Number of protein chains: 2
Amino acid sequence: MPEIPFQRVAIVGLGLMGGSVAKALRAAGYAGRIRAALADAAAVGALQESAETWQVELSPVLPDVLADADLILLATPPRVMLGQLEDIARWADAAALVTDIASTKNTIAGRATALLGARFVGGHPVVGSEMTGFHAAREDLYRGAQVVLTPLPSQTDAQAVEKLRQFWVALGAEVREMSPEAHDEALAATSHAPHLLAYLYMAGLEERLPGLEDLAGGGLRDFSRIVDSNPALWSEILLENQQAVRQQLQQVQHNLQLAEQLLAVEDAAGLQSWLSLGKTVRQQFHFPPVSA
Amino acid sequence: MPEIPFQRVAIVGLGLMGGSVAKALRAAGYAGRIRAALADAAAVGALQESAETWQVELSPVLPDVLADADLILLATPPRVMLGQLEDIARWADAAALVTDIASTKNTIAGRATALLGARFVGGHPVVGSEMTGFHAAREDLYRGAQVVLTPLPSQTDAQAVEKLRQFWVALGAEVREMSPEAHDEALAATSHAPHLLAYLYMAGLEERLPGLEDLAGGGLRDFSRIVDSNPALWSEILLENQQAVRQQLQQVQHNLQLAEQLLAVEDAAGLQSWLSLGKTVRQQFHFPPVSA
C-alpha cells in the first residue's frame, strides 16, 4: 500500500468531498491524526458520533484544527474557501502543505499562492455527486478518480506537488498536472456548462406544470440528475468560472441554431450525421463507473 | 391477474420495445399466440433461438404474421412504420385492433386512421433505453410505466381503446389518453429536446479532443447517457416532431441568453434562485426508478 506522506491532516469543511478524504484515509490504513474544522458547535454536535467512528476529531475553532498540521485540505464551498484564506495563512503551521478540492482553480490558485506562497498546491478531484454532507461521504469516492493538481510555474514548490501526488495516489486516484486556466476551461466544458444547461432546462419546464410530471422517462431523469445538486454551491462555481462557462454557452447557442435549421429544412442526413458525431465523441470519454 | 383481451398477437419489429411486449406477455401468463415480423430471413435466423425461449414465432413474411391476428402492434422505427401502413391495412384481419409504440403520434395517428379506420389506436409507452434489440428487451420494461393512448375524437373506436387499456394494464402499465398533438408537445419537452441537446452538446466537444476524455465525472456521464441511443432512430423522431422540438429549442435559446447575462453581471442571487427553481421543478417529476 502506498505510504501517505503526512501524519497530521487538517480538513476544513467535512462535507461530501472532505468527509470522503477522511474516510478514504482510514480505509487506506492511515493511522495518523485527522482533525476537521466545522462552521459551529451545532455542526460539530450533529456529526460527533459518526466522526468518532472514523476517528476524526471535530472542532469549530479553526486555529485548534490547524495547529501543527502537516497537511491542510480546504474543502468548503468556493466563496467560503476564498474568505477563509487569510485565516488559514494566519494559523497554519509554517511547514504545512496547503491544498484544496475546489472545482474552479484560477481564482483560488492566485489568491492562495499570494497568501501562502510555494506550499499551496491547488487540487481538484474530478468526482462528485448530487449527495451532500459527511453521511453521504464515501471511502471509495476517489478510487479511480482523476485528480488535477494546478501548481503555478516557478511559484509552487515541486516537492510539495510530489508529496500531494503521493497522497492522492494512496487514496486510489490518478493524478495529473494542468495550469489553473486550462483546468477551468476544461471543466467548463465537462461539468459546469452541462450543469447550467440541465438546471435551466428544468427551470424552463415550470410553465408546463402540472401536466408533464408523469410523462418523462429515464432519459430526462438522467439528463437532469445533476439538477439535484446544491444550487448555492453551483451558483458559486458557475460565477467563479463565468468566463469559460459563457464561452461554452455561446458554442451551445451556435449549435442550437444549426440544429433548428436542420430540423426546419428536414435535413435527415445532416441531422443523423451530427447525432452520430455526438455519439462517437461520447464514446471517447472515460467516465467513472455508474456506481460512483 | 388482469386478463389480456387478445388471443393472437402480431408484433411488427421485435426490437427493445416490441420484444419487451412479447416477454412481458409471457411473464404475465399470456398463453396465446405471439408472432413477430422481422425484416428478413437473416434477422429471423439471428433471433430464432431466444425467440423460441419466449414462444414467439418469427417470420419475414408480413402477411403470415398478420393472418387472423386480433392485435397487431407496430414496433418498427417511425419512418419504417409509416412506410408499412399500406401493407398492414392490406393484410390485417378486418377485426384486428392495430396499435403502435412510436414516440411521436401526430403523423402516425392521422395516416393510420385514414388507412385503418376506427380500429387503429395510437399508443406510446413512455419508457426506453439506450439499449436496442430483442436481447436487451425486458419483461418488466412496462411495469409502472406510463402508456399514452391517442384516440382521435369521433374517429377511434371507444371499445378498441378500452381493450388496449386492459392490455397495457395487464403488462403493469398505467394508461392515460391524450390528443396526438398534446402528446407530441409534451414529449418534445420531456424527451425529444433533451436528447437533441445532449447529442449536440457532445458533438460540440469534438474540437476539444483529445484532452477532455479523462476530465469528466458522473455529471456529464449521466447528462449524456441518452447520446448512446441510436442516431438513425433519433433523427427520425426529431424530424417527425420537428415543430414542437424547435419551439422547445427556442425557449432554451432564450434561457441561455438570460443565463449568460446573469453570469456576465455576476448576479449571484438571480442565478441561485434560477438554479433553485430548476431543482424544485425537477422534484415534481415522477421519474421511473433508476433500475428501469
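Read-outs: derived from the displayed coordinates by stated rules, not from any lab. Here the structure is a predicted model, which is why all the values come from computation and not from measurement. In this analysis, Cβ positions are derived from the backbone assuming ideal geometry, glycine residues included, and neighbour counts consider all displayed protein chains.
Couple of notes before you dig in:
- Averaged over B:241-251, number of beta-carbon atoms from partner chains that fall within 10 Å: 3
- Annotation: amide H of A:E174 within the under-5 Å range of A:G144, A:A145, A:Q146, A:V147, sequence separation 5 or more or interchain, hydrogens built in the peptide plane.
- In order through the range A:232-244: 3J(HN,Hα) via Karplus (6.51 cos²θ - 1.76 cosθ + 1.60), integer Hz, x for Gly, Pro: 5, 4, 6, 4, 5, 4, 5, 6, 4, 10, 4, 5, 5
- Mean ellipticity per residue at 222 nm, deg cm²/dmol - from DSSP H runs of n ≥ 4 across chain B, formula -39500 (n - 2.57): -15000 deg cm²/dmol
- Ascending list, in nanometres, of distances separating the A:A269 label from those of the other copies (7 Å, Cα toward Cβ): 5.5
- Positive-end residue, the range A:188-262 charge dipole about Cα centroid, Cβ charges, pick of A:L238, A:P210, A:S224: A:L238
- Charge context of A:S276, other residues only, Cβ under 12 angstrom, K/R +1, D/E -1: 0
- Gaussian network model of chain A, Cα within-10 Å springs - most flexible of A:G45, A:G133, A:G278: A:G278
- Sorted largest first, the spans of the alpha carbon positions of the protein assembly as shown along the three principal axes are 89, 45, 43 Å.
- Net charge contributed by nearby residues that have their C-beta within less than 14 Å of A:I108 (K/R +1, D/E -1): -3
- Lysine pair number, Cα distance threshold 25 Å (strictly under), the protein assembly as shown, separation 8 or more or different chains: 6
- With bins 5 Å wide beginning at 0, the percent of Cα pairs of the range A:8-178 falling in each bin runs 2, 9, 20, 24, 23, 15, 6, 1, 0.
- Both numbers refer to the Cα atoms of the range A:183-283; Rg and Dmax are 15.5, 42 Å.
- Its Cα gyration tensor gives the range B:131-193 an equivalent ellipsoid, and the semi-axes of that ellipsoid, as √(5λ) in whole Å with the largest first, are 22, 18, 10.
- At 7 Å out from Cα toward Cβ: B:S179 inter-copy label distances (nm, ascending): 5.8
- Legend: P(r) of the range A:116-237 from all alpha carbon pair distances, 10 Å bins from 0, whole percents, reading 11, 32, 32, 16, 7, 2.
- The phi torsions of the range A:5-22, fed into the Karplus equation with coefficients 6.51, -1.76 and 1.60 and a -60° offset, translate into couplings of x, 9, 10, 9, 9, 10, 10, 9, x, 10, x, 4, 6, x, x, 5, 5, 4 Hz, rounded to whole numbers, with Gly and Pro shown as x.
- Cα coordinate range in the range A:174-214, projected on the principal axes (Å, largest first): 48, 20, 8
- Whole-percent pair-distance distribution, where bins are 10 Å wide, for the alpha carbons of chain A: 6, 25, 33, 20, 10, 5, 1
- Nearest-first distances (nm) between copies at B:L152, label 7 Å from Cα via Cβ: 7.0
- For the B-to-A rotation axis, chain B residue with nearest beta carbon and its distance in angstrom: B:D222, 2
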